[in-house]
Amino acid sequence: MKKQLILAFGQADRYAEQALLQKRVAQTLAARLPSLARPAILELGCGTGFLTRHLLQRWPEAPLLCSDLAYPMLQRCRASLGAHPNLRYAVLDGEQPAVAAGFDLIAASMVMQWFTRPLASLAGLFALLQPGGVLAFATLGPETFQEWRQACTALALPNALADRPTAADWQQAWPATGLAQTWEESITLPHPSGLAFLQGLRAIGAHLPIPAYRPLSAGQLRRLLRHLEQQAHGGTVEMTYHVIYGLFRKNGVAALGKNGYPAG
């Protein structure tokens, strides 16, 4: 699955132009980031830099390690943002990032839905935070593409969509009890056709089905797309994105270095 993700997102050379929802979600997450004094930051799944740009604007002097599983995405992010003295890049698996602990902020926008074991990953990310550090994320929830699910159910076809954790699941999985805040948003986007919806996902590398999924035949896919278009409103096929946001804090107070900033 990880190899497929690397290939899919590595080939998404128009991601910055096409991923408008991802850009919007990154802006929403950035607006809710906590007040931190020159935090040491790790960004997971940076893509082309939608959230990275906000992090740099908010904390221009803070050390920021910008990471992605797909090296071509890092290249695009670097080309988009240019040189910054405190910005570093690394190819990392966000689910198990091979870095030393000591971050004050770990940020991840629209990447954790691709984790193999998303809830289990929280323990590892928790361990990478300084005491008092924060994990800030946005990910897709279980009601994402509910229109597609309903169409598949109506036609007795498999839907290829993952069963994603709820906001309550994320809160319960965080090791620090009572320090997890989540909120949710539903964003419905119109598409000219069902096929245009699928093509849009492929354009940004987000078209991969769940593992072991058996693709629909050409005839089944035509039936499914026809059904979606018959249910369309105003001539457009609507798809809903269920976005879950989280601000999760680690207990304790960060140790300060000699300059009065967090030691990380």
Identify, please: which residue in segment 54-89 is touching a Cys at 6+ places or on another chain (Cβ under 8 Å), surrounded by 14 or more Cβ atoms within 10 Å (Cβ to Cβ) and not acidic (Asp, Glu) and is, among those, farthest from Ala40 (Cα to Cα)? Met73
Among the listed residues Leu36, Leu69, Leu55, which satisfies the condition of being at pLDDT 95 or above and closer than 23 Å to Phe248 by Cβ? Leu55
Test each condition in (1) in contact with a Ser or Thr (Cβ under 8 Å, 6 or more places away or on another chain); (2) closer than 22 Å to Pro39 by Cβ; (3) of a type outside the set (Lys, Arg) for Glu147 and report the one that comes out false. (2)
For segment 113-149, which positions are in contact (Cβ under 8 Å) with a residue 40 or more places away in the chain and among the charged types (D, E, K, R)? Glu143, Glu147
When segment 238-264 is checked residue by residue, the ones that are modelled with pLDDT under 90 and not small (Gly, Ala, Ser) are Asn251, Val253, Leu256, Lys258, Asn259, Tyr261, Pro262
I need every pair where a residue in segment 150-164 that is more than 14 Å from Leu216 (Cβ to Cβ) has its Cβ under 7 Å from the Cβ of a residue that is modelled with pLDDT under 95 and loosely packed, with under 13 Cβ neighbours inside 10 Å, sequence separation at least 6 or different chains. Ala162/Ile210
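Conditions (1) of a type in the set (D, E, K, R); (2) modelled with pLDDT of 95 or more; (3) surrounded by 14 or more Cβ atoms within 10 Å (Cβ to Cβ); (4) touching a helix residue (DSSP H, G or I) at 6+ places or on another chain (Cβ under 8 Å), marked per residue:
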| residue | (1), (2), (3), (4) |
| --- | --- |
| Phe103 | no, yes, yes, yes |
| Trp114 | no, no, yes, yes |
| Leu119 | no, yes, yes, yes |
| Thr153 | no, no, no, no |
| Asp169 | yes, yes, yes, no |
| Pro175 | no, no, yes, yes |
| Leu179 | no, no, yes, no |
| Gly194 | no, no, yes, yes |
Just a yes or no: is a residue in segment 62-79 outside any helix (DSSP H, G or I) and free of Cβ contacts under 8 Å to residues at least 24 places away in the same chain? no
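The values are calculated or read from the model by the stated rules, or taken from the named source; none is laboratory data. This structure is a prediction, so every number in the text was calculated from the model and none was measured. Note that each Cβ is placed from the backbone with ideal geometry, even for glycine, and that neighbours are counted across all protein chains shown.
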